[in-house]
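Encoded as structure tokens, the structure appears first; notes follow it.
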Amino acid sequence: MDKNRMPTHVAIIMDGNGRWAKRRGLARTEGHRRGVKVIKEIIAVAQELGVKFLTLYAFSTENWKRSRQEVDFLIETCESVLTKELSSMIKNDIRFRHIGRLDGLPESLQNWIKNATALTKDNRKLSLQLAFNYGARLEIVEALQGIVREVQEGKILKADITEKLVSDFLYTRGVPDPDLLIRTSGEMRISNFLLWQICYTELYVTKKHWPDFNRKEFIRAIEDFQKRKRRFGGSV
């Protein structure tokens, strides 16, 4: 592996927890429990390799359609795990950021997110973005609403609207676009994730369900990325 060609930002669609559990005759919640352990492993290896930004797609705005039992479990698990891991994030120089809507989340989880964001804002080794209650189309709509509002208030001119300005109104403002997007479980779709940000991101899809994803699989994705020639629309 070439440490000089490491992706700066890796985004992951963590898919397949439910299918992993179903194949083993377990409840879907068991797949999510196993998936949490994988998250810890991937954060550790990302830090070790020198990845600077890691964005994990944990809960979409569409996931509210799932059963109440599963939704409640995901929210409770998120709050519980993040509470336990806060001291570790501070110790390991990890900056925590939430991307998505806080509205609709339990007040206790909202407070935890705000607290963790404040306590880790000066950490620099790894920036961890957790996409929870996130939807890319909604993100773009809210960005456009924000821009229109500022134009109407005279804060910016129509001529000031550029790609950079739009990016600055997204949830991910200040975060570079992903170099690599990994999707587990073999699904060949983006699922409303970072639609603006991944216009030139390299895609890597593995059939491994998220609970079976591990350090070795993450390294394999990085190695595949390093074999590619990124042209950004230019010639060969």
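Just so it is clear, none of the values below were taken in a lab; they were calculated from the coordinates. Predicted model, so just to flag it, every value in this text is computed and none were measured. Using ideal geometry, Cβ is built from the backbone for each residue, glycine included, and neighbour counts are taken over all protein chains shown.
Summary table
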| item | result |
| --- | --- |
| Extended-chain gain in nm, criterion 0.36 nm per residue less alpha-carbon gap, N214 and N111 | 34.0 nm |
| Nitroxide proxy distance, nm - points 7 Å out along Cα→Cβ at L26 and K3 | 3.6 nm |
| Gyration tensor verdict on region 115-156 (Cα atoms; rounded if a/c is under 1.5, prolate if a/b is larger than b/c, oblate otherwise) | oblate |
| Dipole in debye (nearest 20) - the chain, about Cα centre, beta carbon charges: Lys, Arg +1; Asp, Glu -1 | 800 debye |
| Violating pairs (Cα-Cα greater than 20 angstrom) within the set K37/K208; K37/K114; K3/K40; K37/K216; K22/K216 | K37/K114; K3/K40; K22/K216 |
| Spacing of the two label points (7 Å from each Cα toward its C-beta) at V148 and E48, in nm | 4.9 nm |
| CD proxy at 222 nm, helix term only [per DSSP H run n ≥ 4: -39500 (n - 2.57); per residue of the chain; nearest 500] | -14000 deg cm²/dmol |
| Rg and Dmax of the chain, Cα atoms only, in Å | 18.1, 59 |
| Cβ crowding within 10 Å averaged over residues, with 69-82, 49-62, 7-20 ranked highest first | 7-20, 49-62, 69-82 |
| Relative contact order %, region 179-236, counting alpha carbon pairs below 8 Å whose residues are six or more apart | 39 percent |
| Relative contact order (%) - the chain, alpha-carbon pairs under 8 angstrom, separation at least six | 28 percent |
| Selection from M188, L82, T172 lying farthest towards where the dipole of the chain points positive, charges on Cβ | M188 |
| Kyte-Doolittle at least -1.0, axis length at least 27 Å by Cα - qualifying DSSP helices, the chain | 28-49, 68-91 |
| Whole-Å semi-axes of the ellipsoid equivalent to region 91-188 (Cα gyration tensor, √5λ, descending) | 26, 18, 16 |
| Cα-centred dipole magnitude for region 122-223, charges only on beta-carbon of K, R (+1) and D, E (-1), debye, nearest 20 | 320 debye |
| Cα centre as origin, Lys/Arg/Asp/Glu Cβ charges: region 20-119 dipole, Debye | 360 debye |
| L157 versus E70: modelled label distance in nm, points set 7 Å from Cα along the beta carbon direction | 5.1 nm |
| Separation of alpha-carbon centers, region 15-56 and region 120-134, rounded to whole Å | 17 Å |
| Efficiency of FRET from Cβ geometry, Q226 and K40, R₀ 35 Å, rounded to 0.05 | 0.90 |
